[in-house]
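In what follows, a structure is listed as structure tokens, so that the remarks can point back to it.
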Amino acid sequence: MPRQATVNRETQETRIGVTVDLDGKGASRLQTGLPFLDHMLDQVARHGLIDLAVEAKGDLHVDAHHTVEDIGITLGQALARAVGDKKGIRRYGHAYVPLDEALSRVVVDLSGRPGLEYHVEFPRARIHDFDVDLVHEFFQGFVNHAQATLHVDCLRGRNAHHVAETVFKAFGRALRMALEPDTRLGEVVPSTKGSL
């Protein structure tokens, strides 16, 4: 079965459409209205080998908060739908990714339980016109709706762009590992409970 999903979310603040193919080649089509976020989502697609399309229209005249959070929510919903019953996947994934002086680690468990441990300190408040506080909001929205546990740690970094990029690349790599089929499992759900 193809592991693909499309989810549309519409509120009075945003209109978001996300399509994912978990067995893709890392292609992306991104129109969020936020060029820096497009760049970060491209890292997730490319390094996660997930084909990802995101189209977002939000109240950017207010600020980017609603748009970024709702993209995280919609991406989480699309991933949860595409992965299905989670039979035969690895479930856990982790990655360390460096970029020059920056190093980040992301660990994910597609557990069916939302949880976020986020420990990222940025050396400045904005990257161009993007508020770095919104990185946390993106991941919080994602875990709440993907029903995943996620630990995000930047271990070091002096350049804010490098810090963000290592986080999103590591997130893509960790997802890729967690979503991979485990041939030894066959059609078994990787849990002693029998479901996730």
*Quick one: if the Förster radius is 30 Å, what FRET efficiency do R156 and A27 give, using the C-beta to C-beta distance and rounding to 0.05?*
0.45
_M1, M177 arranged by Cβ crowding within 10 Å, fewest neighbours leading_ = M1, M177
*Got a sec to turn the phi values of the stretch 28-41 into Karplus ³J(HN,Hα) couplings, 6.51 cos²θ - 1.76 cosθ + 1.60 with θ = phi - 60°, whole Hz, x for Gly and Pro?*
9, 10, 10, 9, 9, x, 10, x, 5, 5, 4, 4, 5, 5
_Cut-off 15 Å between beta-carbons: net charge of the residues surrounding L52, Lys and Arg +1, Asp and Glu -1_ = +2
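Listing H47, H61, H94 from the residue with the fewest other Cβ atoms within 10 Å to the one with the most, what is the order? Intermediate results must be reported in sequence, preceding the final value.
On the way: H47 20, H61 5, H94 15.
Least crowded to most crowded, the residues run H61, H94, H47.
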*asked:* Compute the helix-to-body angle for 133-146: its Cα long axis versus the longest principal axis of the chain, expressed 0 to 90° and rounded to tens.
replied: 20 degrees
*Sort D129, D109 so that the residue with the fewest other Cβ atoms within 10 Å of its own Cβ comes first and the one with the most comes last.*
D129, D109
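Where does the charge balance sit around D153 when Lys and Arg score +1, Asp and Glu -1, over other residues with C-beta under 9 Å from its C-beta? Spell out each step's value before the answer.
Numbers: positive: R105; negative: E117.
Residues near D153 contribute 0 overall.
Quick one: longest stretch of the chain between exposed loop trypsin sites (Lys or Arg not before Pro), exposed meaning at most 14 other C-beta atoms within 10 Å and loop per DSSP? Write down the numbers at each step before the final one.
Working: sites that count: K25, R124, R158, R184, K193.
Counting only loop sites that pass the neighbour cut-off, the longest clear stretch is 26-123.
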_On the principal axes of its Cα set, how long, how wide and how thick is the stretch 123-195? Give whole Å, largest value first._
46, 21, 18
*Over the chain, with a single point scatterer placed on each C-alpha, what log10 of the ratio I(q)/I(0) does the Debye formula yield at q = 0.11, 0.13 1/Å?*
-0.45, -0.64
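Using the Cα centre as the reference, give the magnitude of the dipole from point charges on the C-beta atoms of the stretch 4-179 (Lys, Arg: +1; Asp, Glu: -1; all else neutral), rounded to the nearest 20 debye. List each step's numbers first, then the result.
Values: 20 positive and 24 negative charges, 161 e Å.
Here the size comes out at about 780 debye.
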*Extreme residue, positive dipole direction of the stretch 4-179, given options A27, G88, V107 (C-beta unit charges)*: G88
*Does the stretch 1-104 come out rounded, prolate or oblate by the C-alpha gyration tensor, with a ≥ b ≥ c the root eigenvalues, rounded set by a/c under 1.5 and, if not, prolate when a/b is larger than b/c and oblate if not?*
oblate
_Pairs of alpha carbons in the stretch 44-113 whose separation is greater than 16 Å (percent)_ = 64 percent
*If you find the alpha carbon centre of the stretch 48-112 and of the stretch 150-180, how far apart are they in angstrom?*
11 Å
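Each value in this text was obtained by applying a stated rule to the coordinates, not by laboratory testing. In this text the structure is predicted, and so the values were computed from the model without any measurement. Positions of Cβ are generated from backbone atoms using ideal geometry, with glycine treated the same way; all protein chains shown enter the neighbour counts.
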